[in-house]
Amino acid sequence: MKLSEKKILKKKEQILLSAITIVNRRGYDGATMEEIAAELMMTKGSLYYYFNNKSDLLYQCHKLVLAQATEELEEDLRGEGTAEEIMRKMIGTHINYAVDEKETFNLIIEPKQMFNPEQIEPVLKLRKHYAGLFDQAIEKGVISGEFHVKEPIIVRMMILGAMNWIQQWYNPDGRMAKDELKQHFADAIMKLLK
């Protein structure tokens, strides 16, 4: 890779990281190209050198966050421990992203409303892989005899659905800290699996 290509990739990553911060702070509709450009001390027009439009920028933000979350889940799944310990780590990872990257990660719920047809396929493929990691964790528990699940796919959908809903009601300044929330969710999910 040429030096100029490396510089472009580095700048693109800086833009994405700033955009993620702004989207998580202001929401999808509240984040503007002007604000993202100002955060980076760029002109709005300069952003269009790297991204076609706001939709393209947000797609790239979502793809980056989902890829990072997927990588962390893969590490959790490969880690040491019982199936329950692994599942608890994966629950914690998912909740971290659901809370900390709320707006950007939230685009996973209805990607067809946010992305164009060319963007949908890779997002849905990554999303399917992401869900499949939870399937693998459940299967590991069934094989080891720790989990007793008749319909693993339905249980996985219940688990992810419940954790995704956190974004709708969780308040970091509320009565429950994120670590306490993760513990409660993990305990409840284990009851579904055992």
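Structural remarks
- Residue 173 meets each of the listed conditions (1) at pLDDT below 90; (2) within 18 Å of the chain's Cα centre (by Cα) apart from (2).
- Subset of segment 96-125 [of a type in the set (S, T, N, Q) and either modelled with pLDDT under 70 or assigned to a helix (DSSP H, G or I) (or both)]: 96, 104, 106, 113, 119
- Scan of segment 1-32 for residues that are of a type in the set (Val, Ile, Thr) and part of a loop (DSSP other than H, G, I, E, B), ordered by number: 32
- Test set (1) part of a helix (DSSP H, G or I); (2) modelled with pLDDT of 90 or more; (3) of a type in the set (Asp, Glu) - residue 146 fails condition number: (1)
- Residues of segment 147-189 classified as surrounded by 10 or more Cβ atoms within 10 Å (Cβ to Cβ) and either aromatic (Phe, Trp, Tyr) or not assigned by TED's automatic domain parsing to the domain that holds residue 128 (or both), total: 4
- For segment 18-35, filtered to residues that are farther than 17 Å from residue 48 by Cβ and loosely packed, with under 12 Cβ neighbours inside 10 Å, the residue that is modelled with the highest pLDDT is 30.
The values are calculated or read from the model by the stated rules, or taken from the named source; none is laboratory data. What you are looking at is a predicted structure, and each value in this text was computed from that prediction instead of being measured. No Cβ is skipped: glycine too gets one built from the backbone with ideal geometry, and neighbour counts run over all protein chains shown.
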